[in-house]
Amino acid sequence: MDLANFLIQLLNSVQYGLLLFMLAAGLTLIFGIMGVVNLAHGSFYMLGAYLAWSLSTQFGSLTLAILVGAVLAIVFGLALEWLLFRHFYKRDHLDQVLLTFGLIYIFEELRSIIWGDDVHGVTIPDALGASIPLTDNLSYPVYRLFMSGVCVLLAIGLYLLISKTRLGMKIRAGAFNRDMAEALGINIKLIHAVVFALGVGLASVAGMIAAPIASVYPNMGSQVLIMCFVVVVIGGIGSVRGALIAALLVGLVDTFGKVLLPSIAGMLVYMLMAAVLLWKPEGLFKQ
Amino acid sequence: MSTTTANLGVLPRGVQVALALGLVALAAFPFAGTDFYTQMVTRMMIMAIFAMSLDLLQGVTGLVSLGHAAYFGLAGYALAFLTPQGEAVSLWWTLPLAVMASGLAALVIGFFVVRTHGIYFIMVTMAFAQMVFYLFFDNKVLGGSDGLYINFKPGTALFGWVPFDLDNKLTLYYFTLALLLGVYAFLRCLLWSPFGRALAGIRVNEHRMRAMGYGVFGYKLTAFTLAGSVAGLAGYLWGAQTGYINPELMGFHMSAHVIMMVILGGMGNFAGAIVGAFAFEYLLYVFKDLPQIGAVNLGKHWQLWMGLFIVLLVTFAPRGILGLANKFMKRKATGHE
């Protein structure tokens, strides 16, 4: 593998890792703070991708579609939290698994009724359609760099939100000791709703910006959900920092595995997970 | 799990009578039903064996596995690989071998997963099952996404003597029924054995069991391996009955379905798992068979009805049919006082 090829694979793996982080961050926050295991998290990714497709064909602009879609997804998240999830925070994990599995069925079928079962493509905006030439015949698409850039910005925003703002302080207090936070006058129900909507928002934005390169198809949420589980397990449940490092690690192993060891590439990530479990059964950064 | 008492009691007299009646009904069913329904009930009994194997983990030991379908599918694949293109293969060595293959996979995966607890266990069992799923899905040699055909049902010849013929749908029905009874009896005995009591103890309080000197890791790994093997038995039967095996059988929808079956009937006593498997499979059949009303084909959207059913059930009756009956009976009892 020469340098240019190596650089391309490295950029691809970082981009994939960052995308996984956007999903895993929401999953790990929702678990860490509310104690809910959410199998339907992949559906929010799918929702984002379909929103990007249908809104961008409507508006003719992907940027506008992403902005409107993010707002719609957050409203959807708030409604879902209010209607269902808030009644399940103190329930058994088994109940949560079943609830969210039922929701996957409902979301998939509604998707089929509203948007159909066809595979769709989303066009890359003209401004980002260019490629950066690396050698005579190798180049790197600008859009992928743009994706990574968006993910990095959102990751920094998430970090600032949680560790530097008053809201973030309340979120951490609620995660640390729910009853105590409530006794101090923090509206914990509101905090939960905000965190849930944040998770839905992150997952759907990930789906939206991934839509032009991954295309939009039924059941696109399940595969990405499993990868997120692997990321969360490696990183340690509840740890956003762990999710970031694990997501980048999974991105590296998966991308370079496909190039260097194609015959067992599909298993490598799981082997990584098994190794981490042997070494640290509670993940690398258990909170 | 939320219940803190171990599930070791003898089943109530009413339930025992109901189970006996159910057995009589199952034994007599092929004489009343058509071929189609005989095959459907055979499939239900296979799923009941599968559900009981999960109940050993979920209801008895308190381990919620979201990847149990992997062991079910593996044994089916084992049968598919062992059956040659042009002839049948003997039941007597392929059945144990397929069950052992599932058991071995459960032993290896279990070695990693039983170290984890609660939510980790759910996620990790699911992730490993998906690993197995993609292994078969991605490799053309292993059948790929299309799956494999099993052209011949396993033969039963013993030194030239053929005791029964599984090609006959009725024989397969009674063969499955016999195995269902055998597995039920075996698991009930297990529940009453010191081993079963240790598992129940782990469910109620794992730390206390460890403090009392039980090797919790070994007990959980044994339970996981055993559950995987019994799931393999069900998977082998599935392969033999349908003659076709594909990666979907190992997917996480299948794993979630079997969790639903155990929940639906009530956990921890194996009888509930059987009832749940029959109820769930029947519901699936009803939802898929819904009529066309106007321009809307209700049956085509079975996932929507199943999803709504699951969400409503888990919201309003999280302890299944038996739990709902218990609640109702308690309310009636207090009303009389």
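Values quoted throughout were computed directly from the atomic coordinates according to the rules given, and no laboratory measurement underlies them. These numbers were taken from a predicted model, which means no experiment stands behind them. Quick reminder, even Gly has a Cβ in these numbers, built from the backbone with ideal geometry, and neighbours come from all protein chains shown.
Taking Cβ atoms as reference points and 13 Å as the exclusive limit, the residues near A:Ala265 contribute a net charge of -1, counting Lys and Arg as +1 and Asp and Glu as -1. Placing a pseudo-label 7 Å from each Cα along the Cα-to-Cβ vector at B:Val204 and B:Ala18 gives an inter-label distance of 2.5 nm.
Using only the Cα atoms of chain B, build the gyration tensor, take square roots of its eigenvalues as a ≥ b ≥ c, and label the shape rounded, prolate or oblate: rounded if a/c is under 1.5, else prolate if a/b is larger than b/c, else oblate. Rounded is the answer for chain B, as its axis ratio a/c remains below 1.5.
What does the helix-only formula give at 222 nm for chain B: each DSSP H stretch with n ≥ 4 adding -39500 (n - 2.57), the total divided by the residues, and the result rounded to the nearest 500 deg cm²/dmol?
Taken over chain B, the calculation gives -23000 deg cm²/dmol.
Shown is the FRET efficiency for B:Thr171 and A:Asp118, computed with R0 = 35 Å from the Cβ-Cβ distance and rounded to the nearest 0.05: 0.15. Label-to-label distance, B:Leu158 versus A:Met169, with points set 7 angstrom from Cα along the beta-carbon direction: 7.8 nm. Taking label points 7 Å from Cα along the Cα-to-Cβ direction, B:Phe186 and A:Lys286 give a separation of 3.5 nm. Computed from the C-alpha gyration tensor, the three semi-axes of the ellipsoid equivalent to the protein assembly as shown are 42, 30, 25 Å, from longest to shortest. Figure legend: label point modelled 7 angstrom from the Cα of A:Ile132 along Cα→Cβ; residues of the stretch A:8-35 with amide N under 16 Å from it are A:8-16.
With neighbours defined as other Cβ atoms within 10 Å of a residue's Cβ, the residues B:Arg210, A:Arg166 order from fewest to most as A:Arg166, B:Arg210. Estimated at 0.36 nm per residue, the fully extended path between A:Val71 and A:Asp2 surpasses their Cα-Cα distance by 20.5 nm. Taking a span of 20 Å or more along the helix axis (Cα atoms) and a mean Kyte-Doolittle hydropathy of at least -0.5 as the rule, the DSSP H helices of chain A that qualify are A:3-34, A:41-59, A:62-83, A:93-115, A:142-164, A:188-214, A:220-235, A:240-260, A:265-279.
Take each residue of peptide A:89-97, count the partner chain Cβ atoms within 10 Å of its Cβ, and average: the result is 6. Legend: ranking of residues A:Ser112, A:Ser222, B:Ser193 from fewest to most surrounding C-beta atoms inside 10 Å; resulting order B:Ser193, A:Ser112, A:Ser222. When A:Thr63, A:Thr28 are sorted by how many other C-beta atoms sit within 10 angstrom of their C-beta, beginning with the fewest, the order is A:Thr63, A:Thr28.
Where does the charge balance sit around B:Ser255 when Lys and Arg score +1, Asp and Glu -1, over other residues with C-beta under 15 Å from its C-beta? For residues surrounding B:Ser255, the net value is -2. Of the residues B:Ser65, A:Phe59, B:Gly160, the one whose Cα sits farthest toward the positive end of the charge dipole of the protein assembly as shown, with +1 on the Cβ of Lys and Arg and -1 on the Cβ of Asp and Glu, is B:Ser65.
Which loop trypsin sites (Lys or Arg not before Pro) in the stretch A:75-149, with loop taken from DSSP, have no more than 15 other Cβ atoms within 10 angstrom of their Cβ? Listed in order of number, the matching sites are A:Lys90. Straightening the chain between B:His253 and B:Thr315 buys 20.3 nm, computed as 0.36 nm per residue apart minus the Cα-Cα spacing. For the pair the stretch A:149-169 / the stretch B:75-135, the C-alpha centres are spaced 43 Å from each other. Per-residue ellipticity at 222 nm computed for chain A from its helices equals -25500 deg cm²/dmol, with DSSP H segments shorter than 4 residues left out and the rest contributing -39,500 (n - 2.57). For a straight C-alpha distance cut-off of 20 angstrom, the aspartates and glutamates reachable from A:Lys258 (same-chain residues fewer than eight places away being disregarded) are A:Asp2, B:Asp138. As a calculated quantity, the FRET efficiency between B:Phe217 and A:Tyr217 at R0 = 35 Å, using C-beta atoms, amounts to about 0.25.
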